[in-house]
Amino acid sequence: MKLFYTVIYEIICLVYSRVLTGFENSFLRRNFKSKLSLEKDGFLKITSKSKLNISKQRFDFLLNDNEMSFYSNKYQKKFIVSQENLNSIIKLIFDGQFRHFLTSQTGFKYSIDYFGAYQNFSIPKEDIDKTWYANHYHLDKPNSKNMLKVFIPMAEIGMNDGPLELIDNNKKKQYLVGDLGVIFLCKLNICLHKAGIPQKGNITNLIMIQLNPSRKWYLNANLYQRQFKREPKFTTLTNKFVKRMLLN
């Protein structure tokens, strides 16, 4: 019976993704160059965006504020950013210049639908086969193929710190390692990926933001509340029932 439900779910995800992707490509996409790196490879590492002034001080309050955090499981800690600080971070990252850059890369404007800040810890051998924080290869299936994720290190992420591992469109394995100021753009409905497991004594400190194609740049009104929950699925569909605000 479990296998039956799994197959049904896979079919629903496939149909949803194909229909939604076709609609977005036909009605939401602007002109863009299909040979740009993000479209061609499925991911893009941006180092020059340190101009956004994302500094260590910007994230220190997260890493040091235990009152605004909780353990989603014994190997992952999630940070809850206040509404004020969340608005500040979104405004800092998604300024006009960066939004224009994203649209030039993909042809889309986006709705900012999920924000998560978390720490991943080392997983011992006896628990390595279980799923704790997406630490097995998978695709983000219940989404459009145009769904975009933005990853931002809150502290330097090296090979021993459990970087996100991704198989790009060229079948090459990529490790999302980087320092403060680096931004990763990933299309995770088409690129197999998993959360890397830090070596013992090391920690992954990362911010993840989910973007979905939209007619205009929007900010989901539930962005703050969604920090307490798991990342939503079928987001574009559920957006029909939530309020969104224009991003100025």
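For the range 184-220: of the residues being open to solvent by 10 Å² or more (accessible area, probe 1.4 Å) and aliphatic (A, V, I, L, M), which is farthest from Leu20 (Cα to Cα)? Looking at the filtered set, the residue picked out is Ile203.
Considered as a group, the residues in the range 24-61 that are in a helix (DSSP H, G or I) and within 18 Å of Lys109 (Cβ to Cβ) include one that is modelled with the lowest pLDDT, and that residue is Glu39. If the condition is being charged (D, E, K, R), part of a loop (DSSP other than H, G, I, E, B) and in contact (Cβ under 8 Å) with a residue 40 or more places away in the chain, then the range 173-212 contributes Lys187, Lys200.
When the range 140-167 is filtered for residues that are over 24 Å from Lys109 (Cβ atoms), open to solvent by 10 Å² or more (accessible area, probe 1.4 Å) and modelled with pLDDT of 95 or more, the ones remaining, listed by number, are Gly158, Met159, Asn160, Asp161, Leu164, Glu165, Ile167. Within the range 189-204, the set of residues being small (Gly, Ala, Ser) and under 26 Å from Asn146 (Cβ atoms) comprises Ala195, Gly196. Among the residues of the range 221-246, the ones that are open to solvent by less than 40 Å² (accessible area, probe 1.4 Å) and farther than 23 Å from Lys145 by Cα come to 2 in all. The strands (runs of 3 or more DSSP E) falling completely within the range 62-143 that include 2 or more residues that are touching a Pro at 6+ places or on another chain (Cβ under 7 Å) map to 109-121. Taking the criterion of being at pLDDT 90 or above and assigned to a helix (DSSP H, G or I), the residues of the range 213-248 that qualify are Gln225, Arg226, Gln227, Phe228, Thr235. Residues considered: Leu164, Leu102. Of these, the only one that is closer than 22 Å to Lys187 by Cβ and touching a His at 6+ places or on another chain (Cβ under 8 Å) is Leu164.
When Pro124 is tested against (1) within 30 Å of Leu246 (Cβ to Cβ); (2) open to solvent by 20 Å² or more (accessible area, probe 1.4 Å); (3) modelled with pLDDT of 95 or more; (4) not β-branched (Val, Ile, Thr), only condition (1) is not met.
The values are calculated or read from the model by the stated rules, or taken from the named source; none is laboratory data. Since the model is a prediction, treat every value here as computed from it, not as a measurement. Glycine gets a Cβ as well: all are built from the backbone with ideal geometry, and neighbour counts include every protein chain shown. What goes into the accessible areas is simple: the full protein's heavy atoms, side chains included, and nothing from ligands, DNA or RNA. Shrake-Rupley method; radii C 1.70, N 1.55, O 1.52, S 1.80 Å.
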